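Engineer: After the structure tokens below, expect a handful of questions from me.
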Amino acid sequence: MTDRPRISILGGSGYTGGELLRLLLDHPHVEVAQITSRSQLGNFVHASHPNLRNRTKLQFIAPDQLAPCDLLFSCLPHGEAARQIDHLSTLAPRIVDLSADFRLRDPAAYRKWYGSDHASPAWLDRFVYGLPEFHRARLATAKLASGVGCNATAINLALAPLATRGLIRTVVADVKVGSSEAGAEPSATSHHPEKSGSVRSFAPTGHRHQAEVRQELGTFDLHMSITSVELVRGVLCTAHVTPTQPLADKDLWKIYREHYGSEPFIRLVKDRTGIHRYPEPKLLSGTNYCDVGFEVDPDSGRIVVLSAIDNLMKGAAGSAVQCMNLMLGFPETTALTFSGLHPL
Amino acid sequence: MSTPATTTPNTAAATCECPECAAAITLSRIPMRGEVLRCADCAVELEVTSTTPLTLALAPEVQEDWGE
């Protein structure tokens, strides 16, 4: 037994649960107490997360076996945490929910974007949107934090410096994503003969993460298209911005430096030489970084902003652990400084 | 495009501004005319076009040309 905070994971057999566990096992200030899975009940966690073999003796337990803990990560499917939040709040004084259930403040948005009414709308205002780069001060005192949408995170971090300065008139965000966004459950679209080699446009319009971008960045003219490409992990956002005033590359350097200068996980990538001159999701696999770059078309004035993340990390488990660090008063970067692999 | 530098003998031989991204470039010695430097922020190659005053200009670069 230790006096370190006890952390449990609800619904831990999926990819985000595995990434959470990987990060928490290397965290020097917390102890992973329990992890649940109905489908993997009784199995050692390495049955679902083979990279964690010999890292822990934890076995999956049933959700009703969860004991009280200091902080609970919920990785339940969308809708479940909203239905169970009254019960979950009796298990832990702090909760980080990685589903979409508590990301949006407006209950009507759930009907519009998720197709049904929210099961516990009174709880929505009690959660802080779990992107530390936007809500660091509130998260430091928060008891409840939401997760973030991976595609929304790539867009939000790409555009925040421009949006907060009122510099966006219109934006078209073209987002390429890896297959792990679809989760660990197989489907017809993930069947190898269908998936392999495909470039599948699965949401040319109407992706639900649009709601998170609108909530966090405000009401400019926003268009999103999402395409599944031949990646397991990774998101590359290419946002085409029509600005409200002419801007040159040097202006953007100044704006982005001012906005992100001290952020530990945001890096500006805009090199004039070398192979990787702009953000590249492959280099970010397993890391909590978001790389951001940009370029102005001098003829049209269009600004192209690029951002790359690992969807399972900065777009899910990494940001969630960053939130936990803030909520528990640990250095924000604890257990999150893995630099990735190169070559990969 | 070129940018004249300022000399700061106590901390470095010279500092100047990158003509590409406006980052501050600190030099430990006065470079030679024609020498190529690199900006740490944007990685652009910068040619020293003059030493009195110290002036940097964007060096020519090889363009990628996929799809031709």
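Taken together, the values in this text are just the output of simple stated rules run on the coordinates, not laboratory data. Keep in mind that this is a model prediction, so the values were computed, not measured. We place every Cβ from the backbone using ideal geometry, glycine too, and count neighbours over all the protein chains shown.
Engineer: What aspartates and glutamates does A:LYS57 reach when the alpha-carbon gap must be under 15 Å and sequence neighbours fewer than 8 apart in one chain are set aside?
Structural biologist: A:ASP26, A:GLU31
Engineer: Antiparallel versus total DSSP beta bridges in the stretch A:150-311: what percent is that, nearest 5?
Structural biologist: 70 percent
Engineer: Label point 7 Å out from A:THR333 along Cα-to-Cβ: which residues of the stretch A:258-278 have amide N under 20 Å?
Structural biologist: What the label zone holds, given the 20 Å backbone N cut-off, is A:258-270.
Engineer: Here's something else I'd like to know. Rounded to the nearest 5, what is the percent of antiparallel bridges among the DSSP beta bridges in chain A? Can you show the working numbers first?
Structural biologist: Details: 26 of 54 bridges.
Of the beta bridges lying entirely in chain A, close to 50 percent run antiparallel.
Engineer: Provide the net charge surrounding A:VAL148, with neighbours chosen by a C-beta distance below 12 Å and charges set as Lys +1, Arg +1, Asp -1, Glu -1.
Structural biologist: Details: positive: A:ARG103, A:LYS314; negative: A:ASP97, A:GLU133, A:GLU212, A:GLU216.
Here the count lands on -2.
Engineer: What value, in deg cm²/dmol to 500, does the helix sum -39500 (n - 2.57) over DSSP H runs of n ≥ 4 give at 222 nm once divided by the residues of the protein assembly as shown?
Structural biologist: Working: 9 runs with 89 residues, N = 412.
Only helices count here, giving -6500 deg cm²/dmol.
Engineer: With just the Cα atoms defining each centre, how far is the stretch A:89-149 from the stretch A:211-239? Give it in Å.
Structural biologist: Comparing the Cα centres of the stretch A:89-149 and the stretch A:211-239, I get a distance of 19 Å.
Engineer: GNM, chain A, Cα, under 10 Å: largest mean-square fluctuation among A:THR141, A:THR287, A:THR238?
Structural biologist: A:THR141
Engineer: Another question, if that's okay. Choose one answer from A:VAL96, A:VAL148, A:VAL30: the residue with the largest mean-square fluctuation in a GNM of chain A with alpha-carbon springs under 10 Å.
Structural biologist: It is A:VAL30.
Engineer: Using Cα positions and a limit of under 24 Å, work out the lysines in reach of A:LYS282, with same-chain residues fewer than 8 apart set aside.
Structural biologist: Correct list for A:LYS282: A:LYS176, A:LYS195, A:LYS270, A:LYS314.
Engineer: Now for a separate question. For A:LYS143, go through the aspartates and glutamates and keep the ones whose alpha-carbon is under 18 Å away, minus same-chain ones fewer than eight residues off.
Structural biologist: A:ASP70, A:ASP86, A:ASP97, A:ASP101, A:ASP125, A:GLU133, A:GLU332
Engineer: Angle between the Cα long axis of helix A:80-91 and the longest principal axis of chain A, 0 to 90 degrees, nearest 10?
Structural biologist: Once rounded, one gets 50 degrees.
Engineer: Would you work out which of A:LEU104, B:ILE25, A:HIS27 lies farthest towards the positive end of the dipole of the protein assembly as shown? Charges go on Cβ: Lys and Arg +1, Asp and Glu -1.
Structural biologist: Checked the options; the winner is A:HIS27.
Engineer: Which of A:GLY17, A:GLY301, A:GLY274 moves the most in a Gaussian network model of chain A with Cα springs under 10 Å?
Structural biologist: The residue with the greatest mean-square fluctuation here is A:GLY274.
Engineer: Once phi is turned into θ = phi - 60°, what whole-Hz ³J(HN,Hα) does the Karplus curve with 6.51, -1.76 and 1.60 give for every residue of the stretch A:192-201, x standing for Gly and Pro?
Structural biologist: 3, x, 7, 7, 4, x, 8, 10, 9, 7
Engineer: As an exercise, identify the chymotrypsin sites (Phe, Trp or Tyr not before Pro) in the stretch A:35-134 lying in DSSP coil whose Cβ has no more than 15 other Cβ atoms within 10 Å.
Structural biologist: On the way: sites: A:PHE44, A:PHE60, A:PHE73, A:PHE102, A:TYR110, A:TRP113, A:TYR114, A:TRP123, A:PHE127, A:TYR129, A:PHE134; in loops: A:PHE60, A:PHE102, A:PHE127, A:TYR129.
Here no loop site has a sparse enough neighbourhood.
Engineer: Which of the trypsin sites (Lys or Arg not before Pro) across the stretch A:63-172 are loop residues per DSSP, with 15 or fewer other Cβ within 10 Å? Walk me through the intermediate numbers first.
Structural biologist: On the way: sites: A:ARG83, A:ARG94, A:ARG103, A:ARG105, A:ARG111, A:LYS112, A:ARG126, A:ARG136, A:ARG138, A:LYS143, A:ARG165, A:ARG169; in loops: A:ARG103, A:ARG105, A:LYS143, A:ARG165.
For trypsin sites (Lys or Arg not before Pro) across the stretch A:63-172 that sit outside H, G, I, E and B with at most 15 neighbouring Cβ atoms in 10 Å, the list reads A:ARG105, A:LYS143, A:ARG165.
Engineer: Using a Förster radius of 45 Å, what is the FRET efficiency between A:ARG169 and A:ASP86 based on their Cβ-Cβ separation? Nearest 0.05, please.
Structural biologist: On the way: r = 44 Å, r/R0 = 0.97.
With a Förster radius of 45 Å, E is 0.55.
Engineer: About the Cα centre of the protein assembly as shown, how large is the charge dipole given +1 on each Lys and Arg Cβ and -1 on each Asp and Glu Cβ? Please answer in debye to the nearest 20. Don't skip to the end; give the middle numbers.
Structural biologist: Working: 38 positive and 44 negative charges, 197 e Å.
Result for the protein assembly as shown is approximately 940 debye, rounded to the nearest 20.
Engineer: Using alpha carbon centroids, what distance separates the stretch B:29-68 and the stretch A:279-303, in Å?
Structural biologist: Distance between centres, Cα-based: 23 Å.
Engineer: Got a sec? Charge dipole of the protein assembly as shown, +1 on Cβ for Lys and Arg, -1 for Asp and Glu; which of A:GLY234, A:THR334, A:LEU88 is way out at the positive end?
Structural biologist: With unit charges placed on the Cβ atoms, the residue in question is A:LEU88.
Engineer: To the nearest 10 degrees, how steeply does helix A:15-25 sit against the main Cα axis of chain A, on a 0 to 90 scale?
Structural biologist: Roughly 70 degrees between the two axes.
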